[in-house]
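The structure appears right after this line, and notes come after that.
The values are calculated or read from the model by the stated rules, or taken from the named source; none is laboratory data. Since the structure is predicted, the reported quantities are computational estimates derived from the model, not experimental observations. In case anyone asks, the SASA skips ligands and DNA or RNA and just uses the protein heavy atoms, side chains included. Shrake-Rupley method; radii C 1.70, N 1.55, O 1.52, S 1.80 Å.
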Amino acid sequence: MPRQWYNRFDNFVIKIEFFKSNYDSCFYYKGLGRSYQVFLLLYVDDILLSSPNKSEIKKIKTLLNGEFDMKDLGMAKRILEMNIFRNKSLN
(Lines give C-alpha, C1' and ligand atoms only; values in the text may rest on other atoms or scores of the structure.)
Protein backbone atom coordinates (compact mmCIF):
# COMPACT_ATOMS: atom_id res chain seq x y z
CA MET A 1 0.00 0.00 0.00
CA PRO A 2 2.71 2.62 0.81
CA ARG A 3 4.38 2.03 -2.57
CA GLN A 4 1.05 2.50 -4.38
CA TRP A 5 0.44 5.77 -2.51
CA TYR A 6 3.93 7.02 -3.37
CA ASN A 7 3.46 6.13 -7.05
CA ARG A 8 0.12 7.96 -7.13
CA PHE A 9 1.67 10.99 -5.40
CA ASP A 10 4.72 10.95 -7.68
CA ASN A 11 2.57 10.78 -10.83
CA PHE A 12 0.37 13.63 -9.62
CA VAL A 13 3.22 15.98 -8.69
CA ILE A 14 4.90 15.35 -12.03
CA LYS A 15 1.55 16.09 -13.71
CA ILE A 16 1.38 19.49 -11.99
CA GLU A 17 4.82 20.28 -13.45
CA PHE A 18 7.20 19.44 -10.63
CA PHE A 19 10.55 17.84 -11.38
CA LYS A 20 11.97 15.05 -9.23
CA SER A 21 15.47 15.47 -7.89
CA ASN A 22 18.11 13.15 -9.34
CA TYR A 23 19.51 12.74 -5.83
CA ASP A 24 16.45 12.14 -3.66
CA SER A 25 13.20 10.57 -4.87
CA CYS A 26 11.20 12.47 -2.22
CA PHE A 27 12.43 15.94 -3.22
CA TYR A 28 10.66 17.85 -6.00
CA TYR A 29 11.11 21.34 -7.39
CA LYS A 30 9.24 23.62 -9.75
CA GLY A 31 10.06 26.84 -11.59
CA LEU A 32 13.21 28.60 -12.64
CA GLY A 33 13.09 32.16 -11.34
CA ARG A 34 13.68 32.93 -7.68
CA SER A 35 10.22 34.45 -7.20
CA TYR A 36 8.51 31.41 -8.72
CA GLN A 37 10.61 28.51 -7.45
CA VAL A 38 8.87 25.98 -5.20
CA PHE A 39 10.43 23.10 -3.28
CA LEU A 40 8.41 20.11 -2.12
CA LEU A 41 9.76 17.56 0.34
CA LEU A 42 7.84 14.34 1.01
CA TYR A 43 8.57 12.41 4.20
CA VAL A 44 6.33 9.34 4.65
CA ASP A 45 2.94 11.09 4.48
CA ASP A 46 4.07 14.61 5.40
CA ILE A 47 4.68 17.30 2.80
CA LEU A 48 6.79 20.40 3.29
CA LEU A 49 6.40 23.19 0.72
CA SER A 50 8.84 26.07 0.50
CA SER A 51 8.80 29.12 -1.74
CA PRO A 52 9.11 32.88 -1.50
CA ASN A 53 5.89 33.02 -3.55
CA LYS A 54 2.97 32.54 -1.12
CA SER A 55 0.32 32.56 -3.86
CA GLU A 56 2.09 29.68 -5.63
CA ILE A 57 2.15 27.67 -2.39
CA LYS A 58 -1.57 28.34 -1.93
CA LYS A 59 -2.25 27.19 -5.51
CA ILE A 60 -0.26 23.97 -5.02
CA LYS A 61 -2.00 23.24 -1.70
CA THR A 62 -5.36 23.60 -3.46
CA LEU A 63 -4.27 21.18 -6.21
CA LEU A 64 -2.93 18.66 -3.69
CA ASN A 65 -6.06 18.94 -1.53
CA GLY A 66 -8.22 18.26 -4.59
CA GLU A 67 -6.34 15.01 -5.23
CA PHE A 68 -5.54 13.79 -1.70
CA ASP A 69 -7.22 13.91 1.70
CA MET A 70 -5.04 16.51 3.41
CA LYS A 71 -4.83 18.58 6.55
CA ASP A 72 -2.87 21.84 6.46
CA LEU A 73 -0.86 22.15 9.68
CA GLY A 74 0.26 25.71 8.90
CA MET A 75 3.81 26.95 8.87
CA ALA A 76 6.35 24.29 9.74
CA LYS A 77 8.42 24.80 12.86
CA ARG A 78 10.25 21.48 12.84
CA ILE A 79 10.95 18.61 10.43
CA LEU A 80 13.18 15.54 10.76
CA GLU A 81 14.24 16.73 14.23
CA MET A 82 15.49 20.05 12.82
CA ASN A 83 14.07 23.42 13.86
CA ILE A 84 13.03 25.78 11.08
CA PHE A 85 13.83 29.49 11.41
CA ARG A 86 12.63 32.10 8.92
CA ASN A 87 14.64 35.20 8.14
CA LYS A 88 12.21 37.51 6.39
CA SER A 89 14.89 40.19 5.99
CA LEU A 90 16.43 38.09 3.19
CA ASN A 91 13.38 38.49 0.93
Taking one equal scatterer on every alpha-carbon of the chain, how large is log10 of I(q)/I(0) by Debye at q = 0.15 1/Å? -0.61
Measure off, as a whole percent, the carbon and sulfur share of the 1.4 Å-probe accessible area of the stretch 10-91, all protein chains present. 54
GNM on the chain, C-alpha springs below 10 Å: top fluctuator among LYS59, LYS20, LYS30? LYS59
Taking the chain and dividing mean pair separation by its residue count, relative contact order in percent (alpha carbons under 8 Å, at least six apart): 13
Mind checking the angle between helix 54-67 and the chain's longest principal axis? C-alpha axes, 0 to 90 degrees, to the nearest 10. 20
Please give the solvent-accessible surface of ILE14 in Å², to the nearest 10, using a probe radius of 1.4 Å with every protein chain present. 80
Let me make sure I get this right: for the stretch 29-78, a, b and c are the square roots of the gyration tensor eigenvalues over alpha carbons, sorted descending. Under 1.5 in a/c it's rounded, otherwise prolate if a/b > b/c, else oblate. Which is it? prolate
